[in-house]
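Quick notes on the structure that follows.
The values are calculated or read from the model by the stated rules, or taken from the named source; none is laboratory data. What you are looking at is a predicted structure, and each value in this text was computed from that prediction instead of being measured. For accessibility, only protein heavy atoms count, side chains too; no ligands or nucleic acids. Shrake-Rupley method; radii C 1.70, N 1.55, O 1.52, S 1.80 Å.
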Amino acid sequence: MRIILMATALIATALPGVASARRDDIPAATPIGPPVNCVSTQRIRETRVHGDSTIDFIMNGGKVYRNTLPNACPSLGFEEKFLYKTSTSELCSVDIITVLQSPGISRGASCGLGQFQPVELAKPRKR
């Protein structure tokens, strides 16, 4: 079996000067169906890290799956980038992510994923 190694650089979601997203900075989301155990790695368009325990997986076509890790993953919210290894074309709740640390690229904490909850993200408020 071919091992797929994907490193995902994430877009910063915290305000400038803020080292890590706080829990109350997580965008509101409404569940739109039952959680699933796996998502297709080929369909992941981007990921957004919200603190040390929440990742939104934005899929091709705009569907969003929110993954709330069962345990906080140290430095994930600060670094906002991670990698994963899988022997299939799916990323599943039994898989492990590893935080990528700067400067350079070194490996940090490894943490388990939770289930993938399909959600509809709340529209940003107009100011």
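Rank Ser93, Ser106 by accessible area, highest first, at a 1.4 Å probe radius?
From most exposed to least exposed: Ser106, Ser93.
Determine the per residue accessible area of the range 23-76 with all protein chains present and a 1.4 angstrom probe, expressed in square angstrom.
Roughly 50 Å² per residue, with all protein chains present.
How large is the accessible surface of Arg45 in square angstrom, using a 1.4 angstrom probe and rounding to the nearest 10?
130 Å²
Roughly how many percent of the accessible protein surface of the range 73-127 is carbon and sulfur, given a 1.4 Å probe and a whole-percent answer?
52 percent
Hey, what do the phi angles of the range 60-65 turn into as Karplus ³J(HN,Hα) couplings, whole Hz, using 6.51/-1.76/1.60 and θ = phi - 60°, x for Gly and Pro?
So the Karplus estimates, Gly and Pro as x, are 4, x, x, 5, 10, 10 Hz.
I need the phi-derived Karplus couplings for the range 69-77: 6.51 cos²θ - 1.76 cosθ + 1.60, θ = phi - 60°, integer Hz, Gly and Pro marked x.
5, x, 9, 4, 10, x, 6, 4, x
Under 5 Å between amide hydrogens, which residues at least 5 positions from Asp95 or on another chain qualify, with H placed 1.01 Å from N in the peptide plane?
Leu113
Can you give the accessible area of Asp25 in Å² (nearest 10), computed on protein heavy atoms with a 1.4 Å probe?
Estimated to the nearest 10 Å², Asp25 gives 70 Å².
Would you pull out the residues with amide H under 5 Å of Ser53's amide H, same chain only if 5 or more places away, H placed 1.01 Å from N?
Residues meeting the amide H criterion: Cys73.
Any chance you could check the Cα centroid distance between the range 82-127 and the range 38-72 for me, in angstrom?
6 Å
With a 1.4 Å probe and every protein chain left in place, tell me how much accessible area Glu120 has, in Å² to the nearest 10.
The value for Glu120 is about 110 Å².
Amide H neighbours of Ala29 under 5 Å, at least 5 residues apart or on other chains, H built in the peptide plane: list them.
So Ala29 has HN proximity to Ala122.
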